[in-house]
Amino acid sequence: MDTFELIVIGGGPGGYLAAERAGHAGLKTMCIEKRAYGGVCLNEGCVPSKTFLNSAKVLDYANHAKNYGVSVEGKNSIDQKFVVERKNGVVKMLVSGVKATLKRNKVVMKEAEAFIEAKTDEGFIVKAGEEKFLAKRLIIATGSMPVVPPIPGLRENIETGLVMTNREVLDLTEIPKKLVVIGGGVIGLEMASYFSSVGSEVTVVEMLNKIAGPTEAEISKILQKTLERKGVKFNLGCKVTAIEKDGVVFERDGKIEKAPADKILCSIGRRAVTANVGLENIGVNMERGAIITDDCLRTNVANVYAVGDVNAKVMLAHTAYREAEVAVNTILGKKDHMRYNVIPSVIYTNPEVGSVGETLESAKAKGLNAKEVSIPLTYSGRYIAENTDLDGICKLIVNNDTNTLIGAHIIGSYAGEFIVSVSAMIDLEVDIENIKKLVFPHPTVCEIVREAIFQI
Ligand code: FAD
C-alpha cells in the first residue's frame, strides 16, 4: 500500500490549497477529488456566479448608458447561451490552473471517491476507487451541498427541472420569464440580481423579515430597495409550503398565497458533506452534521483535520483557504490559528456589499463599549462620478475602549474590493489615530473609509 504523509479528501478551495501548501513544504501529499478539482467554488459557485453577474453589469451599464452621455443603438439583450459558454471557459481555465499548481507542488492527484476505512497503528487506510492508501495524517475538505427541505413537490421537481439548485441555475441557457427564488440569502440575492437585470420577473420568498441573513440591518434595507428598483419582488416573513407545476405556494400571516413561476431556484442554505466519507470508522466528532474543529482545524482524532465548509464555521471560499493554511502550518509545527472575527464577506449584487466584523448590535450584545459612524458614499468623488443611484453608505464600528475599529459595513461600487483594507485595520488592531495618517489614493471609492474615520 502506497503511504502518504498527508491525504487530503476533497479538491475544493480548502482541499486544493491544503494540498498545495503541504506539497510545497515537502510533505508527500495526495489530494483525492470525486467530481471536479476546484470544488463548488470554481465549478458551480463563486466563480461561475460572478461571470454571470459581470454580464448583467455590462447589460445594466448599456441600458443606462445615456445617463453617462453614451448612446447605444438598438435593443440591448443578453445571449444566455453565450454567457454559459463564457462561464464554462472561465471555469476551465481556472481548474486547469489549480491542477497545474498541484502538479508543480508534487501533489499526487487522484480522481475518485474517497472513503476512510480504518485507523491503524501505521496510519489511516483510505480507499479511493479500487485502490487503498495509507495516510499518516488526513485533512477532510469534503465541502457542502444545498439543503433541500422536505417541502411537498420540491424534490420531485428538481427531477423535472422546474426547481434548480446552484448547480443547475448556473447552466441555464434560457432566461425564465418568471423566476421564484426561495431564500433571500447571499446566493439567492446574487441570482435574483442577475436574472432581474437580464429580463426575468423575479420574486423572492424569504422566511425571515429581512434579506441577506446576518448583513447589517440598514445595509440589508438599502440592498432590498435597490433590488426592488430593478423589479425584484420580495415576500418576507413568508414560509414556502408547497411547489406546484406553475409556482410556489407560501404562507403569509396564516394566509396562503402563490407566486407564479416557470423556474424556481432553491437557495435556502448549505450543509456539510459528512456522509459516506467513513468518518464514523475513525470516531470523528460532529455537531448537526458538521465536523467539530478547534482554531487550528484539529478534530477530536489526533492527526485528522477538517477545513472549509465541512466544519460549517464560515462557509466561504476564503475561509477555506485560510483554514487550509492554518491546518498545514499546524501539521508542520508552525504556530498559527484562525481568527474568525475578521473574515470579510461580500455580496456581488449590483451594488455590492462588503462587510467585516461586528455590527453595532452584535458589539453591544457582546457588552463592548462600541459606537457607530455612518456616512453616505457621496463623500467619495469617484462614487458620484461613476454612479447615478447614490444611496450607498459606509458604516464603521469602533471600540471606544481600545480606540480601534471592530467592524465595517459598506454598500456601493467596489465595496467587495476594498473591504479587505478595513479587515487589515481590524486584524492588526491599528489605533484610529494611526489610521488617520494612512494615505488613500484619490479619487477612489475606498477613500470613504478615510472620510468615515475622520467623523469618529
Ligand atoms: P467545496 O468547494 O464544496 O469542495 C469540496 C470538494 O470535495 C468537492 O469538489 C467534492 O466533489 C469533493 N468531495 C466530497 N466528498 C468527497 C469524497 N468522499 N471523496 C473525494 N472528494 C470528495 N464563497 C465565497 O467566498 N465567495 C463567493 O462569492 C461565493 N459564492 C458562492 C456562490 C454559490 C452559488 C455557492 C453555492 C457558493 C458560493 N460560495 C462563495 C461558497 C464557496 O463556494 C464555498 O465556501 C467553498 O467552495 C468551500 O470550499 P471547500 O473546499 O470547503 O468545499
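The values are calculated or read from the model by the stated rules, or taken from the named source; none is laboratory data. From a predicted model like this one, the values you see are computed outputs, not experimental measurements. Cβ: placed from backbone, ideal geometry, glycine included. Neighbour counts: every protein chain shown.
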(message) Quick check on this structure: which one of 239, 225 is surrounded by fewer than 16 Cβ atoms within 10 Å (Cβ to Cβ), basic (Lys, Arg) and part of a strand (DSSP E or B)?
(response) 239
(request) Run residue 86 past the list (1) in a helix (DSSP H, G or I); (2) more than 26 Å from the chain's Cα centre (by Cα) and report the number of the one that doesn't hold. (result) (2)
(message) Condition (residue is at pLDDT 95 or above, acidic (Asp, Glu), more than 10 Å from the ligand (Cβ to nearest atom) and in a strand (DSSP E or B)) applied to the range 348-356: is it met by at least one residue?
(response) no
(request) Go over the candidates 284, 314 one by one and state the one that is aliphatic (A, V, I, L, M), in contact (Cβ under 8 Å) with a residue 24 or more places away in the chain, surrounded by fewer than 17 Cβ atoms within 10 Å (Cβ to Cβ) and in a loop (DSSP other than H, G, I, E, B). (result) 314
(request) Determine, yes or no, whether residue 235 is under 22 Å from residue 169 (Cβ atoms), within 24 Å of the chain's Cα centre (by Cα) and polar (S, T, N, Q). (result) yes
(message) Of everything in the range 1-45, what is more than 24 Å from residue 269 (Cβ to Cβ) and of a type in the set (Lys, Arg)? Give them in sequence order.
(response) 21, 28
(message) Return the residues of the range 198-222 that are farther than 19 Å from residue 149 by Cβ and in a strand (DSSP E or B); say none if nothing qualifies.
(response) 201, 202
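Yes/no matrix, rows are residues, columns are (1) away from the ligand (no atom under 16 Å from the Cβ); (2) closer than 30 Å to residue 108 by Cα; (3) in a helix (DSSP H, G or I); (4) of a type in the set (D, E, K, R):
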{"residue": "151", "(1), (2), (3), (4)": "yes, no, no, no"}
{"residue": "159", "(1), (2), (3), (4)": "yes, no, yes, yes"}
{"residue": "172", "(1), (2), (3), (4)": "no, no, no, no"}
{"residue": "179", "(1), (2), (3), (4)": "no, no, no, no"}
{"residue": "190", "(1), (2), (3), (4)": "no, no, yes, yes"}
(request) For the range 58-105, name all the residues that are surrounded by 15 or more Cβ atoms within 10 Å (Cβ to Cβ), among the charged types (D, E, K, R), closer than 30 Å to residue 177 by Cβ and in contact (Cβ under 8 Å) with a residue 60 or more places away in the chain. (result) 60, 87
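Let's see how each residue does on (1) within 16 Å of the ligand (Cβ to nearest atom); (2) outside any helix (DSSP H, G or I); (3) within 16 Å of the chain's Cα centre (by Cα); (4) within 30 Å of residue 122 (Cα to Cα):
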position	(1), (2), (3), (4)
321	yes, no, yes, yes
326	yes, no, no, yes
329	no, no, no, yes
362	no, no, no, no
368	no, yes, no, no
372	no, yes, no, no
383	no, no, no, no
405	no, yes, no, no
(message) Return the residues of the range 89-123 that are in a strand (DSSP E or B), touching a helix residue (DSSP H, G or I) at 6+ places or on another chain (Cβ under 8 Å) and under 20 Å from residue 12 (Cβ atoms); say none if nothing qualifies.
(response) 109, 116
(message) Just to be sure I understand, how many residues within the range 14-54 are near the ligand (Cβ under 9 Å from one of its atoms), of a type in the set (Lys, Arg) and farther than 22 Å from residue 187 by Cβ?
(response) 1
(request) Run down 71, 49 and say which single residue is of a type in the set (S, T, N, Q) and touching a helix residue (DSSP H, G or I) at 6+ places or on another chain (Cβ under 6 Å). (result) 49
(message) If I filter the range 404-411 for residues that are within 20 Å of residue 435 (Cα to Cα), surrounded by fewer than 22 Cβ atoms within 10 Å (Cβ to Cβ) and either in contact (Cβ under 8 Å) with a residue 12 or more places away in the chain or not aromatic (Phe, Trp, Tyr) (or both), do I get at least one hit?
(response) yes
